[in-house]
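Working notes, structure below.
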Amino acid sequence: EAGVAQSPRYKIIEKRQSVAFWCNPISGHATLYWYQQILGQGPKLLIQFQNNGVVDDSQLPKDRFSAERLKGVDSTLKIQPAKLEDSAVYLCASRLGTNTGELFFGEGSRLTVL
Amino acid sequence: GEDVEQSLFLSVREGDSSVINCTYTDSSSTYLYWYKQEPGAGLQLLTYIFSNMDMKQDQRLTVLLNKKDKHLSLRIADTQTGDSAIYFCAESDGQNFVFGPGTRLSVLP
């Protein structure tokens, strides 16, 4: 079974530039999460999708972050404009159901903002 | 809001047991998890325990849960160099996950 795929693995940009990350969850997984993991900290939820609908985006900085999951499969997370404090690893995770099943993580996309 | 705390570092000698501790605040937690993260990789589920259980054993891993004190521990028996990683405790009400800051385990030869 293929795992959660993310790209790019690494991205370096200057502040005020924009960046987009892509995630392809495990086939058939209805729930998709984006987490931000700052160095030395645990993952913090940015947004949760159930199929193509948003379940929880309460911690997403909506003035600069946006995410979509068209057709309930792949998802894209965008940051525009980026700030220095956005330097982190962005982890995508998927789960079979809403309340059940293991959370499977991708390898993450490491963003460095200069 | 919910909070999960862990000590940040632990060093053990190869062959010894490791005990990683975690405390959480959410009394409605249904599941408690231990994840492992190796350098440059995502988080991998090691084990989990339902909140109505006190203990779960899985090969070299033993999870103990004290629900009254909201304390969770992970014991790794016969710790090997391959166990060197960051270990995250997480609590969930079934839908939302809250992760601790992670404990970096170093295994010395």
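The values are calculated or read from the model by the stated rules, or taken from the named source; none is laboratory data. Since we're looking at a predicted model, the values are computed, not measured. Protein only, heavy atoms only, side chains kept; ligands, DNA and RNA dropped before computing areas. Shrake-Rupley method; radii C 1.70, N 1.55, O 1.52, S 1.80 Å.
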- [ ] Would you mind calculating the relative contact order of region A:1-110 from Cα pairs under 8 angstrom and at least 6 residues apart, reporting the percent as a whole number?
- [x] 36
Open item on the list: Could you derive backbone 3J(HN,Hα) for region B:47-58 from the dihedral phi with the Karplus parameters 6.51, -1.76 and 1.60 (θ = phi - 60°), listing whole Hz in sequence and x where the residue is Gly or Pro?
Closed with: 6, 8, 9, 6, 5, 8, 9, 9, 8, 9, 10, 9
Open item on the list: Just to check I understand the Karplus step: with θ = phi - 60° and J = 6.51 cos²θ - 1.76 cosθ + 1.60, what whole-Hz values come out for region B:20-31, glycine and proline as x?
Closed with: 10, 10, 8, 10, 9, 10, 7, 6, 8, 4, 9, 10
Task: Distance between region A:40-93 and region A:4-28 - C-alpha centres, whole angstrom - done: 10
- [ ] In whole Hz, with x marking every Gly and Pro, tabulate ³J(HN,Hα) for region B:61-71 from phi via Karplus 6.51 cos²θ - 1.76 cosθ + 1.60, θ = phi - 60°.
- [x] 9, 10, 10, 10, 10, 10, 5, 4, 8, 6, 10
TODO: For B:T30, enumerate residues with amide H under 5 Å from its amide H, sequence gap 5+ or separate chain, H modeled in the peptide plane.
DONE: B:S92, B:D93, B:G94
Open item on the list: Interface size between chain A and chain B, please: total buried accessible area, 1.4 Å probe, rounded to the nearest 100 Å².
Closed with: 1400
- [ ] Return the long-range amide H neighbours of B:L46 (sequence gap of 5 or more, or a different chain), with a cut-off of under 5 Å between placed amide H atoms.
- [x] B:W34, B:Y35, B:K36
Open item on the list: At a threshold of 8 angstrom on Cα-Cα distance, excluding pairs fewer than six apart, so keeping six or more, what relative contact order does region A:48-103 reach in percent?
Closed with: 24
- [ ] Using only alpha carbon pairs under 8 Å that are at least six residues apart, calculate the relative contact order of chain B and give it in whole percent.
- [x] 38
